[in-house]
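Every number here is computed from the coordinates shown, using simple stated rules; none is lab data. Treat the numbers as computed from the prediction; the structure is a model and nothing was measured. Note: ideal-geometry Cβ built from the backbone for every residue, glycine included; neighbour counts use all protein chains shown.
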Amino acid sequence: MQRSSLIQLAGPQFDIHFPASCRAETVARLASVTNLLHPDPIADLHSAGAAPLLSEVEVLVTGWGSLAVDAELRRRMPRLKLIAHLAGTVKGVLTQDVAGSGIKVVSAAEANARPVAEFTLAHILLHMKRVPEWQRLYRAERAAIQTRSTAFAGPVGNSGRTVGIVGASRIGRRVAEDLRRHQIAVLLHDPFVSAEDAASFGARKVEMDELLGQSDVVSLHQPLLPSTECSFGTAEFARMRDGALLINTARGRIIDADALEMAMSDGRLRAVLDVTDPEPLPDDSPLWDMPNVTLTPHVAGSFGCEVCEMTDLVLGDIERFTRGAPLQHEVRLDNWERVA
């Protein structure tokens, strides 16, 4: 087995997310298959302390908040063969040119997709069961509540309802597959996916207008690209059904911020926003005080034990790399422009 020389690039966000319970195990596992050039993650590979190590680096581990590996750093790491990213998208830590400079890149995006899909599914099911409305009614009426005689405008329950998914990403596909088990119809809008592919994970491919007009919930799962930036705006909100829920766990800039505030202001629609533009929202944003808007601080992705799952996935590929075995979670460069 080849023992590659490995170094870890620290990131302040990753340090916050990474649980101490699996840190020691991770280091021990890395040390068992590689030569660790430094016992702890290094905050800045441009620093004087890191400089003597760069010529030896063959495997670089990055994470949330890691500084970008630019062309200059790549030049100073001539032996670099693998970047293993302990997070989702790799676009924040390297450019396409660096990714295509004769190295392999793996990421934990597959493991990170699961908690985001679970977060989305939970909000879909709770919304269609009318749980937020039940909570407010129960708090208002308390012991006087009469649940069986309470009538809402529109249906209550999940069976037979319709969810629209915009973007057949890893997360979008997982959500569609999860919804199949709940007898919920799934519509998909994604110009890069065939009807046959959509059907394979339980969705029916439709145009955006049909999705918006028929869905009880619309969930956004596109990457942030020039073509998707502010792509959900006034026209899209106007086409949504009365009482429908919009979920955004993708990127805040996909939604036009002004159109969002306007659409939510009259209470016709609801929103669950794990991401916003800007992020975090300013303290004076009207969204904070809208009862039809649920805001969470970008927590749908991996935390705690879920980060350990991401780590296990990436460590598995590092071990495969040292054995010369095929990688399971390699980032494909042929669709770089379309991935998150």
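For the reader, a short list of remarks on this structure follows.
- For the pair Asp283 and Arg268 in one chain, pulling the backbone fully straight at 0.36 nm per residue adds 3.0 nm over the alpha carbon distance.
- Unpaired Cys in the chain, meaning no second Cys C-beta under 4.7 Å: Cys230, Cys305.
- Backbone amide hydrogens, once placed in the peptide plane, bring Leu187 within less than 5 Å of Val163, Gly164, Ile165, Arg204, excluding anything fewer than 5 places away on its chain.
- Restricting the calculation to Cα atoms, the chain shows an Rg/Rh of 1.03 when the hydrodynamic-style radius is the Kirkwood one.
- Convex hull projection area averaged over all views, the stretch 213-273, Cα basis, nm²: 3.7
- Sequence-distant lysines (8 or more away, or on other chains) whose Cα lies within less than 27 Å of Lys91: Lys81, Lys104
- Once the gyration tensor of the Cα atoms in the stretch 256-296 is diagonalised, the equivalent ellipsoid follows with semi-axes of 15, 11, 10 Å, ordered largest first.
- Full extension of the chain segment joining Thr150 with Phe192 gains 10.7 nm, where the gain is 0.36 nm per residue of separation less the Cα-Cα distance.
- The chain, relative contact order [Cα under 8 Å, separation at least 6], %: 18
- The chain: angle of helix 109-128 to the longest principal axis, Cα-based, in degrees nearest 10: 10
- Amide H to amide H distances under 5 Å link Thr276 with Gly252, where only residues 5 or more positions off or on other chains count and H is placed in the peptide plane.
- Longest to shortest principal axis, alpha-carbon extents of the stretch 172-306, angstrom: 46, 40, 32
- Taking each residue as 0.36 nm, the span from Ser55 to Thr95 lengthens on full extension beyond its C-alpha to C-alpha distance by 12.4 nm.
- From helices alone, the chain scores -10500 deg cm²/dmol at 222 nm; the rule is -39500 (n - 2.57) for each run of n ≥ 4 DSSP H residues, then divide by the residue total.
- Base-10 log of normalised Debye intensity for the stretch 94-196 (one unit scatterer per alpha-carbon) at q = 0.14, 0.17 Å⁻¹: -0.73, -0.90
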